[in-house]
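A short write-up of the structure that comes next.
The values are calculated or read from the model by the stated rules, or taken from the named source; none is laboratory data. None of the values given here were measured: they were computed from a predicted structure. Neighbour counts run over all protein chains shown; Cβ positions are idealised from the backbone, glycine included.
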Amino acid sequence: MHPILQDFREIKNIKPLVIVSLGHGATHWVNGIFLVLLPFIVQDLSLSYTTAGTMVSIFFIAAVAITIISGPIIDITKKYITAQFSCLLSGFVALIIMGQSTSVYTLAIAAIFIGICVSGWHTPSIPYLSQLYEKNRGLALSIHTVGASLGDGIAPPIAGLIMLYVTWQETSMILSIPIIIMAIYITRSLPNIERDNSSEDLIRNINYLKELKVLCTSIDPIRFIPISALVMVPLMRLQTSFLLAIAMAIPIALLIEFSYQLLKRNTKYVEGVRGLIRSKDMLRLCLLAGLWSMTQNGVTVFLPLYLVFVMDASPALVGFALFSIQVGAIFGGPIVGTWSDQIGRKPIVIYALLIAAFLLFLLPLFGNVYLFIIIVSLAGCALYSIRPVIHSWTMDLSDKNSSGSAVSMLFTAQAAMTGTVPIIGGLIADNFGLKLVFILLTITSLLALILSLLMPKK
């Protein structure tokens, strides 16, 4: 029997895996819609490549914030399902706001909610599945990433086809409906994971209303006020109203303060996190993942722009191209994840990055739009197929009590590093042309390859 089929047979209850994977797909559905609409938003609002890149970078800034905050909270509260619902709700709000966008400023607010939706999802979902399917972690997380690839792949062609008949604003509004449906379904269908009673000091069986009261009374104005002011600075730079900036800054500052108070009272948890930070392997993996994510997301951001402005492609063709780069991940992800359980994570990551770097270097040489799509699809397949391998590698380097924070570290590094690519790529595109952006992505993939060679065999 094939190893993948055998692993599937060992899974007793596959329903939670399917539901969480579909939820993952829903978050990436939001991201896929944003990417396919971006070139046409650029045209409609008369934005430069740099400004367009800045919108994407705002997405990653929000992603960094939510991953930093959510990791400790998830580890301590174990509110996996509530967190997943909140992420999907953020995605719904993002598409509604984007559908009402008439300026770069409302678009920036939509980008913030997209970042919360997409990046915030991983912190509760990956530890949740890792605990439910501990013996088949590689396969389970592979299926989970297949969900993401389905969302990334299906949303663009659907959005592209709808845009043949309605505006991009109406397209965004229409495609928000499946997200809220999925959010409600998640809360009603997923089983809760029992708490680990052996770590009473770490995870307390508490009344959360009482805990919230304690947190509120422990807020230090000397710390809270400066945090709120710092959060307001970038909001005001977006020329939002003063009242809107306050309305957004206060809840963000509260989350930061609450996270600090939770950490302060959970010393054993803090010790576990310190162990992660001191791990050279974990830090090296985070840097590797950041460079890989820079390459992967750079392709998805600049591919639609290149197809529209260089190759004069239609919305439907742009949607098909974004779908095609996910095909390998959809079908190859489970195979690659199972292989990584058997032969190790390192060799698979090395070969995938080598293939991706080679193909990205060749991309600017192709002038035919269909041949270009074939080559970029192969590069995308190599990049996306190793996503579950990196996630599994992260879980290998952490324990279940700090798994949320391990995911938080990983995705914080990814988001922080990836957030630089849209701006740098936009500047390169504005000054030297879009073709040179793919040289930048070749370099980031090669740097990730070098780091993968330095990782230990595990």
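For region 100-128: of the residues being surrounded by 23 or more Cβ atoms within 10 Å (Cβ to Cβ) and of a type in the set (Ser, Thr, Tyr), which is farthest from ALA140 (Cα to Cα)?
Here the answer is SER119.
Write out, first by first residue and then by second, each pair whose Cβ atoms fall under 9 Å of each other, whose residues are 6+ apart or on separate chains, and whose first residue, in region 432-455, is within 25 Å of TYR306 (Cα to Cα) while the second is in a loop (DSSP other than H, G, I, E, B).
Close Cβ pairs satisfying both conditions: GLY433/VAL310; LEU434/VAL310; LYS435/VAL310.
Out of region 131-171, which residues are crowded, with 24+ Cβ neighbours inside 10 Å and more than 18 Å from ALA382 (Cα to Cα)?
ALA140, ALA155, PRO156, ALA159, GLY160, THR171
Could you identify the single residue in LEU45, LEU89 that is in contact (Cβ under 8 Å) with a residue 60 or more places away in the chain, under 29 Å from ASN192 (Cα atoms), touching a helix residue (DSSP H, G or I) at 6+ places or on another chain (Cβ under 7 Å) and surrounded by fewer than 20 Cβ atoms within 10 Å (Cβ to Cβ)?
LEU89
Looking at (1) buried (at least 20 other Cβ atoms within 10 Å of the Cβ); (2) within 21 Å of the chain's Cα centre (by Cα), can you tell me which one ILE180 breaks?
Tallying (1) buried (at least 20 other Cβ atoms within 10 Å of the Cβ); (2) within 21 Å of the chain's Cα centre (by Cα), ILE180 fails exactly one: (1).
Would region 14-24 turn up any residue that is at pLDDT 80 or above, touching a Cys at 6+ places or on another chain (Cβ under 9 Å) and assigned to a helix (DSSP H, G or I)?
yes
Of the conditions (1) more than 22 Å from the chain's Cα centre (by Cα); (2) within 13 Å of LEU22 (Cα to Cα), ALA148 satisfies every one except a single condition; which number is it?
(1)
Just give me the residues in region 304-319 being assigned to a helix (DSSP H, G or I) and touching a helix residue (DSSP H, G or I) at 6+ places or on another chain (Cβ under 6 Å), in sequence order.
Selection gives PRO304, LEU305, LEU307, VAL308, PRO315, ALA316, VAL318, GLY319.
Looking only at region 55-83, how many residues end up being surrounded by fewer than 20 Cβ atoms within 10 Å (Cβ to Cβ) and hydroxyl-bearing (Ser, Thr, Tyr)?
Within region 55-83, residues that are surrounded by fewer than 20 Cβ atoms within 10 Å (Cβ to Cβ) and hydroxyl-bearing (Ser, Thr, Tyr) number 2.
For (1) surrounded by fewer than 19 Cβ atoms within 10 Å (Cβ to Cβ); (2) of a type in the set (A, V, I, L, M), each residue gets a yes or a no:
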| site | (1), (2) |
| --- | --- |
| SER340 | no, no |
| ARG345 | no, no |
| PHE358 | yes, no |
| LEU363 | no, yes |
| VAL369 | yes, yes |
| VAL376 | no, yes |
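Say we look at region 373-430 and pick out the residues that are within 15 Å of SER279 (Cα to Cα) and in contact with a Lys or Arg (Cβ under 7 Å, 6 or more places away or on another chain); which of these is modelled with the highest pLDDT?
TRP393
Restrict the check to region 316-333 and report whether at least one residue is among the aromatic types (Phe, Trp, Tyr) and at pLDDT below 75.
yes
Suppose we filter ALA94, ALA111, ALA63 for residues that are part of a helix (DSSP H, G or I) and over 21 Å from GLY147 (Cβ atoms); which single one remains?
ALA111 is the lone residue from the list that is part of a helix (DSSP H, G or I) and over 21 Å from GLY147 (Cβ atoms).
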